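The values are calculated or read from the model by the stated rules, or taken from the named source; none is laboratory data. Keep in mind that what you see is a predicted model, and the values were worked out from it rather than measured. Neighbour counts are summed over all protein chains in view; Cβ atoms, including those assigned to glycine, are modelled from backbone coordinates with ideal geometry.
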Ligand SMILES: Cc1cc2nc3c(=O)[nH]c(=O)nc-3n(C[C@H](O)[C@H](O)[C@H](O)COP(=O)(O)OP(=O)(O)OC[C@H]3O[C@@H](n4cnc5c(N)ncnc54)[C@H](O)[C@@H]3O)c2cc1C
């Protein structure tokens, strides 16, 4: 069985992100980490491998040097091999073009299951996985919290989160599944794993290797264009009211009349 895991290196949740003064982009502090949901996807692939049988786990990213860090984290956790999709032609791609490249690379890999995150913490569109499945004409199930493979590995029972409950779905393989919080707890890579991952060879695939024309990848193949970013408006300062309850009520009523002008 071959499981591919799609991973993305994203800004750490503590990293400072500033919108540029002209709104043309964002400046991100250089603190990156493996996307949280992708770490759950890697963990799940390793758990399936741990259940026995001949299972190979390949982790894949589209990205430059930052992507290599995501791959090394996945290798350190225990993945068997890693693939970096990197070519100047891939730059500036939207979700559609990103999924197009990932799908083209996966087409040649004979995968039985593709795992990815529910969404990436930075751009958070949550569409790359389902788009990859669509391009590969395979089913996809999103926000997955449990995967139970049939003994013959030809199908799986999937639990996914819905408002106020869970949905149980039977799906045939090959399938793409996106990981939601609750699927598992990702392991911390062991020191030996980290050392092994530093030395591991990472396979690189460029535009020629995936066999797509330059017109359908990167900016040229994108369907969307980000026009500008906006900062949230600054919140007005908070006023703390002092005094007894009755006094505070009088002050609140006064403020609602005089300042907010709502009564
Ligand atoms: C017009 C436009 C131009 C852009 N230009 C750039 C750019 O120049 N550089 C840049 O970094 N970003 C760029 N982006 C953002 C980039 O396209 C998105 O980060 C990417 O498409 C993934 O979307 P997302 O982060 O919302 O992923 P989601 O759909 O939220 O991700 C879901 C899951 O898909 C998988 N996944 C997502 N992205 C990747 C990936 N790259 N490799 C492997 N798996 C992945 C992960 O498992 C992830 O958890 C651009 C976006 C637009 C709209």
Exception for residue 197 within (1) within 30 Å of residue 127 (Cα to Cα); (2) away from the ligand (no atom under 16 Å from the Cβ); (3) without any contact (Cβ under 8 Å) to a residue 40 or more places away in the chain falls at (3)
If a residue counts only when it is touching a strand residue (DSSP E or B) at 6+ places or on another chain (Cβ under 8 Å) and away from the ligand (no atom under 16 Å from the Cβ), which strands (runs of 3 or more DSSP E) contained entirely in the range 65-177 have at least 3 such residues?
140-149, 155-162, 165-172
Please go through the range 193-231 and pick out each residue that is touching a helix residue (DSSP H, G or I) at 6+ places or on another chain (Cβ under 9 Å) and within 19 Å of residue 58 (Cα to Cα).
193, 194, 195, 196, 197, 198, 200, 202, 205, 206, 209, 210
Given the conditions (1) in contact with a strand residue (DSSP E or B) (Cβ under 9 Å, 6 or more places away or on another chain); (2) in a loop (DSSP other than H, G, I, E, B), and given that residue 223 satisfies all but one, which numbered condition is not satisfied?
(1)
Being within 19 Å of residue 118 (Cβ to Cβ) and touching a residue at least 12 places away in the same chain (Cβ under 8 Å), is that true of even one residue in the range 14-30?
no
Among the candidates 188, 238, 262, single out the residue that is free of Cβ contacts under 8 Å to residues at least 60 places away in the same chain, closer than 21 Å to residue 71 by Cβ and in a loop (DSSP other than H, G, I, E, B).
188
Which of the residues spanning the range 22-43 are away from the ligand (no atom under 12 Å from the Cβ) and modelled with pLDDT of 95 or more?
43
Condition check for residue 211: in contact with a strand residue (DSSP E or B) (Cβ under 9 Å, 6 or more places away or on another chain), over 30 Å from residue 21 (Cα atoms) and away from the ligand (no atom under 12 Å from the Cβ):
no
Check off (1) touching a strand residue (DSSP E or B) at 6+ places or on another chain (Cβ under 9 Å); (2) farther than 22 Å from residue 64 by Cα for residue 251 and give me the number that stays unchecked.
(1)
